[in-house]
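Please read the structure below before turning to the comments.
The numbers here are math on the coordinates, done by the rules we state, and not lab data. None of these values were measured; they are calculated from a predicted model. In this analysis, Cβ positions are derived from the backbone assuming ideal geometry, glycine residues included, and neighbour counts consider all displayed protein chains.
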Amino acid sequence: MQEKTCAEEIRDRIYDFFIKSNDFNGIPLRRISKEFNIGYEDSIDHIKKLVTENSVSIQSSSNPHIIGFQHYPVESQLKILDDAKGITEKIEKFGEIAFSVENTEYPICLYPSQNYIKANRDLSIYGTAEYTKQLALCEPQLSPKFFEIEVLERYSNDPRFDFDFKDYSGSISCKYDDNDKPIVREEDQVFLKSFGLGFDSEGNRLAVVFLRYLKDLTSEHQLFWKSKEITGGCKILEEYYENAIKGNWTTSYSVFSAFIGELNCLTELSEHIFGVRLFNRSFEEDKRPKAFTFFFIPTLKNYNDFILLLDKMLSENINKDFFRENIDLYELIPLMNNQVERKSKGTLKLLEEWLLSTYNHPDSKIIKDLLKPLKNVRNERQNPAHKISEDNYDLKYIDMQMEMVNSCYSSIRALRTIFQQHPKAKDFGIPDWLGNGKIKSF
């Protein structure tokens, strides 16, 4: 058997390091010269040969230990390697511990090239774990994968999973019992650190996940997600990319967060002024109801669930005790034979009467218009509450939901502005993001 050249031995070491790593990592550049006991610049010359013949690829970044976004052209890699000959090593100490670091902001790690790994790696150990296979073949770990939005409903509708989401991102994991054991079978013990919001070429909402997170799904669930994958012309929501990849705080807020923020603020403001809360319940951002999102497929059932929830957050949430000292909580309904029925007034009727008697404005129509969206929710809620309807899929439900939540947000914001004009509200601080933040319908 012909003896391997030094370059071939280096190639095999790079390949071996990658396939045995826990997170599909590359081997640091300087480690090659130390392991093979050759000069640092000589080791780079060997690696340049391997890059030229397309059996090795390099990553140079603030975190080169994973293949981040892409593989770079051969010419760029050779230039980086030439420049790397001038990188020195420095020793840093942490107490009594000393360790060496590269004297550069962009260290280098080495990987098998995609051509070499595809020709030599046995993927049978990964079974049907489609996304783990892609990582094993040196696909960039931060490649975005797009999926039909319905992929999320398997987890959001199953109480055995923790389905957590914010304005434009979320996570999924299985739940555990009191003994810290998963309550699902082994095949369903999934963990998805982060998913976000994306769009297809026609502007329809998609779920987006970076490839590195998909490997934490079981093989069975990877296969399920693969069946829902969408390709071609898809884009990531800018806010999710900025936060997840660049680590930047965004100044945009979804209309859902803004609605909750205004509702909570109005609740606190009413108690501050009158000593009684206008709404019985406030909603913490990290515990908001699952259905309060755009993240689901446009079906009649999902729309109805959203309307029922919105009504519970609004008219059913209004505290009747808030009006007790100013408004009669009952009305007399004439019956036959000169009899009357004493009937409780609805919460929206109480709120309207209270506003008309308290808020001095020459045009009462303004109050009626302000409350119209809340009344529309109450009326819309009657269909799912009293009628059996066959479920159906229609993109119109996206626009209907968006119109409802935006109009209700505007109403609650206007109510907060009215309360804010009360003399006792002068020392009440309104969160800056509610007044000046960028509110978007993600």
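Remarks
- Between 0 and 90°, nearest 10: helix 74-84 axis offset from the chain longest Cα axis: 80
- Cα long-axis angle, helix 6-20 against the chain (0 to 90 degrees, to the nearest 10): 30
- The modelled label-to-label distance for the pair residue 326/residue 376, using points 7 Å beyond Cα in the direction of Cβ, is 2.6 nm.
- Cut-off under 5 Å, modelled amide H: who pairs with residue 145 long-range: 209, 210, 211
- Cut-off 15 Å, label 7 Å out along Cα→Cβ of residue 392, residues of the range 296-313 by amide N: 298-304
- Between residue 335 and residue 23, the simple label model (points 7 Å from Cα in the Cβ direction) yields a spacing of 7.2 nm.
- Around the Cα centre of the chain, unit charges on the Cβ atoms of Lys, Arg, Asp and Glu (plus for the first two, minus for the last two) sum to a dipole of about 1060 debye.
- Projecting the Cα atoms of 24, 97, 37 onto the dipole axis of the range 1-141, where Lys and Arg carry +1 and Asp and Glu carry -1 at the beta carbon, places 24 farthest toward the positive end.
- Ranked for footprinting exposure by Cβ neighbours inside 10 Å, fewest first, 240, 131 give 240, 131.
- Amide hydrogen neighbours beyond the local backbone of residue 174, cut-off 5 Å, H modeled: 162, 190
- Straightening the chain between residue 383 and residue 426 buys 11.2 nm, computed as 0.36 nm per residue apart minus the Cα-Cα spacing.
- Estimated from the Cβ-Cβ distance and a Förster radius of 60 angstrom, the FRET efficiency linking residue 82 and residue 359 is about 0.20.
- Relative to the current alpha-carbon distance between residue 74 and residue 34, full extension at 0.36 nm per residue lengthens the span by 11.9 nm.
- Label sites at residue 92 and residue 287, each approximated as a point 7 angstrom past Cα along Cα to Cβ, lie 4.1 nm apart.
- Computed extension gain for residue 344 through residue 312, at 0.36 nm per residue and net of the alpha carbon distance, reaches 9.7 nm.
- The distance separating the Cα centre of the range 258-312 from that of the range 331-368 comes to 25 Å.
- When each of the peptides 298-304, 102-108, 420-426 is scored by the mean number of other C-beta atoms lying within 10 Å of its residues, the order from highest to lowest reads 298-304, 102-108, 420-426.
- When you filter the trypsin sites (Lys or Arg not before Pro) in the range 302-353 for DSSP loop state and at most 14 other Cβ atoms inside 10 Å of their Cβ, you are left with 324.
- Considering only 69, 274, 24, the mean-square fluctuation computed in a Gaussian network model of the chain, springs between alpha carbons under 10 angstrom, is largest for 274.
- Straight-line cross-link partners of residue 426 among the aspartates and glutamates, defined as a Cα under 15 Å from its Cα and at least 8 positions apart when in the same chain: 268, 271.
- Angle between the chain longest axis and helix 396-420 axis [Cα atoms, degrees, rounded to 10]: 60
- For GluC sites (Glu not before Pro), no site in the range 205-256 is both called loop by DSSP and has at most 15 other Cβ atoms within 10 Å.
- Under 23 Å from residue 424, Cα to Cα: lysines that are on another chain or at least 8 residues apart: 320
- Around residue 319: net Lys/Arg minus Asp/Glu count, Cβ-Cβ under 12 Å: +1
- Each DSSP beta bridge with both residues in the range 253-440 is either parallel or antiparallel, and the antiparallel ones are about 80%.
- Nearest-0.05 FRET efficiency for residue 142 and residue 369, computed from C-beta distance (R0 51 Å): 0.60
- Cross-link pairs beyond the 22 Å C-alpha cut-off, checked among 193/287; 290/368; 345/365; 193/228; 145/215; 166/440: 290/368
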